[in-house]
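Structure first, then comments.
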Amino acid sequence: MATEYTIANLKDDIEAMRERWTAANKDESLSFDKEKENVLQALTAKGMDLTKNYALKLALNNPDSVKRAIMATAIVGITLDPASKFAYLVPRDNEVKLDISYMGLMEIAVRSGSIRFARARMVHAADTFELGAEDQAPVHKRNPFLTFEQRGDYIGVYVTVKTLQGDWLTDPMNLEEVYNIRARSPSYQGYEADNKKKTPWVTDFPEMAKKSVVKNAYKYWPRSDRLDQAIH
C-alpha cells in the first residue's frame with residue numbers, strides 16, 4: 001500500500017525547492033522563507049480537515065501543482081502575502097494554481113518597468129466618463145459618497161496607465177464585453193450548471209471585470225517578458 005502523503009511531506013518538498021526558487025526569483029523584495037510561509041498559510045487557512053479544506057486536499061493529492069505555483073511566484077516576481085492581494089492559490093482543474101489579481105498584474109507591469117502607473121475602475125450609470133485624446137487621461141466624474149443604488153448599476157470598466165514617457169493609455173470595456181468573457185469562463189459555466197459552485201465571477205464581479213480589462217489592455221503597453229509570463 002502506498003505511503004500517505006502528508007503536510008509534513010509537502011513542507012519538505014517545498015523546502016527542497018529553495019535553491020531553484022531563489023535562482024529564478026525576479027524580485028529582490030521577495031524571500032523564499034516568506035513565500036513558503038504564505039503558501040502553507042493559504043493551504044491550511046481552512047483547517048486540516050480534508051473534507052472541509054478542498055485546496056489542501058488537492059495540494060496533498062497533487063503536490064507537483066503546488067510546486068509549479070510556487071515556482072511561478074518566483075518567475076513573475078509576485079508575492080502570495082494576503083495583505084497585498086496581488087496573488088492567490090486557488091483550486092482549479094484538480095490542481096492548486098497561482099491566480100494573479102488585477103492589482104498583481106498592474107504591480108508586475110510597474111515593477112518590470114513596462115509602465116509608471118496603472119488604475120482600473122468600474123463605471124456606474126450615474127457616473128460621467130469621457131475619453132480624451134489618445135495620450136490623455138480619461139475624465140471620470142463620480143460621487144464617492146453615493147450608495148451603489150444611487151450610482152446605478154455597472155455599465156463598464158476601464159484601465160488607464162501612464163507610460164515611462166509620460167503618455168496615458170486608456171482601455172475601456174462595456175458590460176457586454178465583460179459578460180462575453182465571463183461566459184467563456186469554466187468556473188462561471190460550472191456555476192450556471194450548478195449554482196452551488198462558487199466562482200469569483202459571482203462573489204467578486206468588479207475584481208474579475210477589472211482583471212479582464214487589464215488582461216485585454218496589456219497587449220498595447222510597452223512589452224515586458226515578466227508581464228507576459230504573468231498573463232500566461
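The values are calculated or read from the model by the stated rules, or taken from the named source; none is laboratory data. If you're wondering where the values come from, they're calculated on a predicted model, not measured in any experiment. Cβ sites come from the backbone with ideal geometry, for glycine too, and all protein chains shown count toward neighbours. For accessibility, only protein heavy atoms count, side chains too; no ligands or nucleic acids. Shrake-Rupley method; radii C 1.70, N 1.55, O 1.52, S 1.80 Å.
Annotations for the structure displayed:
- Solvent exposure of segment 62-174 as accessible area per residue, Å², 1.4 Å probe: 50
- Amide hydrogen proximity for Ser101: with H placed 1.01 Å from N in the peptide plane, the residues at 5 or more positions away or on another chain lying under 5 Å are Ala87, Tyr88.
- Cα-based equivalent ellipsoid of the chain: semi-axis lengths in Å, sorted from largest, via gyration tensor: 35, 23, 14
- Residues within the reach of a label modelled at Glu177 (point 7 angstrom out along Cα to beta-carbon, backbone nitrogen below 11 Å), restricted to segment 100-125: there are none.
- Ligands, DNA and RNA left out, the 1.4 Å accessible surface of segment 65-149 is 51% carbon and sulfur atoms.
- Long pairs among Lys141/Lys197; Lys36/Lys198; Lys36/Lys141; Lys11/Lys219; Lys52/Lys85, criterion Cα-Cα beyond 32 Å: Lys141/Lys197; Lys36/Lys141; Lys11/Lys219
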